[in-house]
1. Would you list the membrane-span-like helices of chain B, meaning whole DSSP H runs whose alpha-carbon atoms span at least 30 Å along their axis and whose mean Kyte-Doolittle value is at least 0.0?
2. Write out the chymotrypsin sites (Phe, Trp or Tyr not before Pro) in segment A:436-533 meeting two conditions: DSSP loop, and at most 15 other Cβ atoms within 10 Å of their Cβ.
3. Based on the Cβ-Cβ distance of A:Val412 and B:Leu19, what FRET efficiency does E = 1/(1 + (r/R0)^6) give at R0 = 45 Å, to the nearest 0.05?
4. Just to confirm the filter: which trypsin sites (Lys or Arg not before Pro) across segment A:182-285 are DSSP coil and have at most 13 other Cβ within 10 angstrom of their Cβ?
5. Within the set of other residues whose C-beta is less than 13 Å from the C-beta of A:Ile149, count the net charge using Lys and Arg as +1 and Asp and Glu as -1.
6. Out of A:Ala142, A:Gly279, A:Ile259, whose Cα points farthest toward the positive end of the dipole of the protein assembly as shown (charges: +1 Lys, Arg; -1 Asp, Glu; placed on Cβ)?
7. Calculated from DSSP H runs of 4 or more alone, at -39500 (n - 2.57) each and per residue, what is the 222 nm mean residue ellipticity of chain A, nearest 500?
8. Which whole DSSP H helices in chain A pass both tests: a Cα extent of 20 Å or more along the axis and a mean Kyte-Doolittle value no lower than -1.0?
Amino acid sequence: MAKIFEIPLYPYTRNPDQDSPKTNRHPVIIVGAGPVGLAAAIDLAQQDIPVVVVDDNDRVSFGSRAICFAKRPLEILDRLGCGEPMVEKGVTWNIGKVFFDDRQTYEFNLLAEDGHKRPAFINLQQYYFEAYLMDRVRVLEAEGKPIEIRGKNKVVSIENNDDHVSLQIDTPDGVYQVEAEWLISCDGAGSPVRQMLGLDFVGRVFEDNFLIADVVMDADFPTERWFWFNPPFNRDQSALLHKQPDGVWRIDLQLGWDIDKAEEKKPENVIRRLKQMLGDEISFDLEWVSIYTFQCRRMEKFRHNRVLFAGDAAHQVSPFGARGANSGIQDSDNLCWKLKLVLDGIAPETLLDTYDDERIYGADENILNSSRSTDFITPKSAVSRQFRDAVLHLAEKHEFARPMVNSGRLSVPCIYSESRLNTPDSTKLPTSTRPGAPAVDAPVNEGWLLDQLNGDFKLLFVGINGESPSVAGIHLDVIEVQPGQNPVFEDRYLGDEDTAIYLIRPDQHIAARWTSYDETEIRNAILRAIGQE
Amino acid sequence: MLITTPNIHDADGFYSELLDMHDGLSENESKALNARLILVLANHIGDREVLAEAMRTALD
Ligand SMILES: Cc1cc2nc3c(=O)[nH]c(=O)nc-3n(C[C@H](O)[C@H](O)[C@H](O)COP(=O)(O)OP(=O)(O)OC[C@H]3O[C@@H](n4cnc5c(N)ncnc54)[C@H](O)[C@@H]3O)c2cc1C
């Protein structure tokens, strides 16, 4: 049976721009139908912004690549209408085990606190992730939403003008010309758009190689993340074993820097290595094998006039911590509502500069965490190796050393505490729901809070009533919660206070909060959150 | 605040215990032991300010 990544999911067809006598201009063109480009397209189309996605391929990611998806992106996907199939198909896991040499050092449980709709993590092959996004695109198309995916459409040249972007796109029928008011570049770490515009992409290369194998096997390993430092089957290196749906297992073996890549990638050599790890009794098939090195780097700015970079095109991290696709989805989440307000003429263009501020902050946080993990996993000097091993040695018996063990700090949501869109907080409400934080999920009014935050600005009134002020062009919904009925919710949104009002952005991040009602303050906070102040 | 005045009452005894710990160890084993000891002590101190000051003092 053909694998899903072998089937063209959005095969090439001729489009009207190719036959038009004049050059057409679209409001938004997205380059790249990877996880980030598709998420952005869905977000915009749901809000009735016409969007065209071009990709030089016509199918989902080859091989699994990303496998760990975190709670925050799953919440974003819920808003995009495709979280459910992913969570249903995905493998939910909580337990991680760390091994050092031939012994288990300790075990951790990621189990998030209760009272959230989505789990801390699921494992799901990137090809399924993209396929579910495509399913959602097809549903939107059927509903008549303005979304179009063009396979085998490769951007070959680009011009970034004052008020539009102009593109040349190569297809099986030759090159055509098209324009966009705004271009979102989601064309991956090698971003041809970035290169054609001559923009920088600087950072750190880690001198190491990893063999990554997705293996189909009938094994009864538990659904846990197993990480080895210096195991007998891969001396002086690390290893990772993690479960995916359909009996597919991700195996990551560190190889070191001086290796012969072509030799290592030969199936017989991969199989020999895997047998050393798994033993001779287990039979398995190789689904996908690749050798990668990694980098931590980002662009200096993500907005370049009319071109907005998102996902791997804008920033790249090492896979430890699962922060690549997870952060790219947060880029798109941050960008799309701002772009809509600018396109609708409600917010000034400078609102898009806050995309830069907020997501560069996010990218730096991810790069910092992922660099630290990498330094722990692949020590760069004798002394860093000594400390690393000392931590692992102590961690077996002593709890205090365990927080220092770093086999990847798994992706957590980004909190834009310093954002200029926030209204400074003068309340004593809980810190987890401070301005800049994504609204924390909680059961409320017989459903989940986040399910009610569906893409517009919201005012959340807790134990207090008030009018929602009107601000031109801003659709503001009110959610009212009576206290005394939802203890978990109150813990998160009231703490020791009796009343609260929260202003929540379309991307579910909290922009402002108060404990009493003042219409002028709310109005000012909204203006501030859309960059009008 | 990092204490930089004498604070161990049996200084000679402590010093020889510190050296005795390394008896019979290879250079690498000694380095590993020192690393573990630093981590144990650092955790006991806990205070990030004091730890940063201790690192500066050691580098000085
Ligand atoms: C081994 C490995 C493991 C990983 N594990 C995780 C994980 O567990 N969790 C996680 O969150 N992330 C993980 N990642 C990272 C994740 O795969 C990437 O961050 C993610 O794919 C980025 O998505 P993207 O949409 O930005 O870019 P991509 O997925 O790279 O998509 C770019 C798209 O642009 C298209 N394109 C390129 N050039 C052109 C052009 N000129 N014209 C038109 N289209 C073009 C390409 O065809 C492609 O479809 C992992 C990566 C690797 C390699």
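1. Answer set is empty.
2. A:Tyr517
3. With R0 = 45 Å, the Cβ-Cβ based efficiency is 0.50.
4. A:Arg235
5. -1
6. After comparing all options, I get A:Ile259.
7. The helix-only estimate for chain A comes to -9000 deg cm²/dmol at 222 nm.
8. A:126-142, A:324-343, A:351-377, A:382-397
The values are calculated or read from the model by the stated rules, or taken from the named source; none is laboratory data. Everything numeric here is computed off the predicted structure, so don't read it as measured data. Backbone-built Cβ (ideal geometry, glycine too); neighbour counts: all protein chains shown. Surface areas here come from the heavy atoms of the whole protein model, side chains and all, with no ligands, DNA or RNA. Shrake-Rupley method; radii C 1.70, N 1.55, O 1.52, S 1.80 Å.
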